[in-house]
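Take a look at the structure below.
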Amino acid sequence: MSSAPILQPTSADANAPLLEVRAIAKRFGTRDVLKNISLNIASGELLTLLGESGSGKTTLLRLIAGFEQPTAGEIWMSGERLDVLPPYKRRVNTVFQNYALFPHLHVRDNVAYGLRVQSVPKNEIAGRVDDALKMVKMVEFAGARPSRLSGGQQQRIALARALVNRPQLLLLDEPLSALDASLRKQMQSELKALQREIGITFLFVTHDQEEAMALSDRIALLRDGALEQVASPREIYAHPATAYTAEFIGQTNLLRGEICRSIATCGVLRWPLEEADAPARFSLRPEAIRLCPDGRRQTNEVKFRASVRQQIYGGASELLEVDCGADQLLRVRLPACGPLTGEHDFVFSIADAIRVAD
């Protein structure tokens, strides 16, 4: 008997988030690993927890899965208190970094294992396993052992084993980190397409900012157990809220200076800015700076002269390190243009200098 497709349940409030993390804290001994985390995840969203090692992202994942208990706060899903339930009663499944496939079982038995543990009727198991294998395009490997599969194929089987349980929420703990660079890029694309196709909410954990940018609807950046910023990839890159975010997400030039009498001054750079007098920091992305061969600038642009100290060829682009004088160095990313030496005029738009908090 074929099983029904995996669907998200309907709730009383269609606009309500699927998952609500409310003021969650976690302490191990005297160490605060998570500090007052509040975060909502919409139904069908792919949200990434991004952060360096020790930032608390995997701990938060384990709290949602039920493998750890919070020190304070609550977790709700579809209007039900989640953190008081044991893991097996939560409609949440986890795909781990090492996939945790049983080497002695064929692919089909690996995928069916969770259903058998739950005592799902045998005549239902076969249909649900077939559906899950179809979703990840692995039907032809149903009789293979995990050792005969590539890393990407094993990852698909781990996904199928999670999807067969029809979770409302799928947690993925750095599932691509064991793959080589080329396969990792391929699997990022496939994973995002699969998530869109099946419509299940994904909570994805990674320390790789490029991976987070490629996959996510939104990114929640964690720093030392606290949320630094939550935004879409475009928003978090173009408008970082803090200096830490600006440096963690991509490359940037952090400009330290001050605003005085409606003029921002950062080293040799000056531009009009209608803000109150105060010390200030700005993020200026390297690609926001361009060559100004004719020496002219628009009224909304800042022009400066700098000498090229270093040039790194990157295929479609070149990364320059330029010396503006007064010990001020900037990184500039240009379309591939051939070798550059000596002094040149550069410009950037005032709007591209984003004020950030310390």
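Describe numerically, in nm with one decimal, the distance between label points set 7 Å from Cα along Cα→Cβ at residue 109 and at residue 38.
The answer from the label model is 5.0 nm.
With θ set to phi - 60°, apply the Karplus curve 6.51 cos²θ - 1.76 cosθ + 1.60 along region 114-120 and write out the HN-Hα couplings as whole Hz, x wherever there is a Gly or Pro.
Going residue by residue, I get x, 5, 5, 4, 7, 6, 5 Hz, with x marking Gly and Pro.
So, R0 is 41 Å and r is the distance between the beta-carbons of residue 278 and residue 25; what FRET efficiency does that work out to, to 0.05?
Between residue 278 and residue 25 the formula returns 0.80.
May I ask you to compute the full-extension gain from residue 270 to residue 81, defined as 0.36 nm times their residue separation minus their alpha-carbon distance, rounded to one decimal in nm?
Contour length minus the Cα-Cα distance gives 62.7 nm.
Given points 7 Å out from each Cα along the Cα-Cβ axis, report the residue 140 to residue 117 separation in nanometres with one decimal.
Between residue 140 and residue 117, the simple spin-label model gives 3.1 nm.
What do you get for trypsin sites (Lys or Arg not before Pro) in region 259-358 restricted to DSSP loop and a cutoff of at most 10 other Cβ within 10 Å of the site's Cβ?
261, 296
Where the convex hull is taken over the Cα atoms of the chain, what is its projected area averaged over directions, in nm²?
Values: hull surface 91.6 nm².
One quarter of the hull surface, i.e. the mean projection, equals 22.9 nm².
Work out from phi, with θ = phi - 60° and the Karplus expression 6.51 cos²θ - 1.76 cosθ + 1.60, the ³J(HN,Hα) of each residue of region 297-311, listed in order in whole Hz, and give x for Gly and Pro.
9, 7, 5, 9, 10, 10, 10, 8, 10, 8, 9, 7, 9, 8, 9
Tell me whether region 78-154 comes out rounded, prolate or oblate; compute the Cα gyration tensor, take square roots of the eigenvalues as a ≥ b ≥ c, and use a/c under 1.5 as the rounded threshold. Could you put the intermediate results ahead of the total?
Numbers: a/c = 2.13, a/b = 1.57, b/c = 1.36.
Prolate, since a/c reaches 1.5 and a/b exceeds b/c.
Hey, what angle do you get for helix 151-163 against the long axis of the chain, alpha-carbon based, 0 to 90 degrees rounded to 10?
The helix 151-163 is inclined about 60 degrees to the chain.
Would you please give the FRET efficiency between residue 193 and residue 150, computed as 1/(1 + (r/R0)^6) with r the Cβ-Cβ distance and R0 = 22 Å, to the nearest 0.05?
0.75
Place a point 7 Å from Cα of residue 341 in the direction of its Cβ. Which residues in region 304-327 have their backbone N less than 13 Å from it?
Residues 308-311 fall inside that zone.
Expressed as a whole number of Å, what is the distance separating the alpha-carbon centroids of region 317-335 and region 169-248?
29 Å
How far apart, in nanometres, would the label points at residue 181 and residue 124 be if each is projected 7 angstrom from Cα along the Cα-to-Cβ direction?
Calculated label separation equals 4.7 nm.
FYI, it's all coordinate maths here, none of it is from the lab. Worth saying up front: this structure is predicted, and the values here are computed from it rather than measured. Note that each Cβ is placed from the backbone with ideal geometry, even for glycine, and that neighbours are counted across all protein chains shown.
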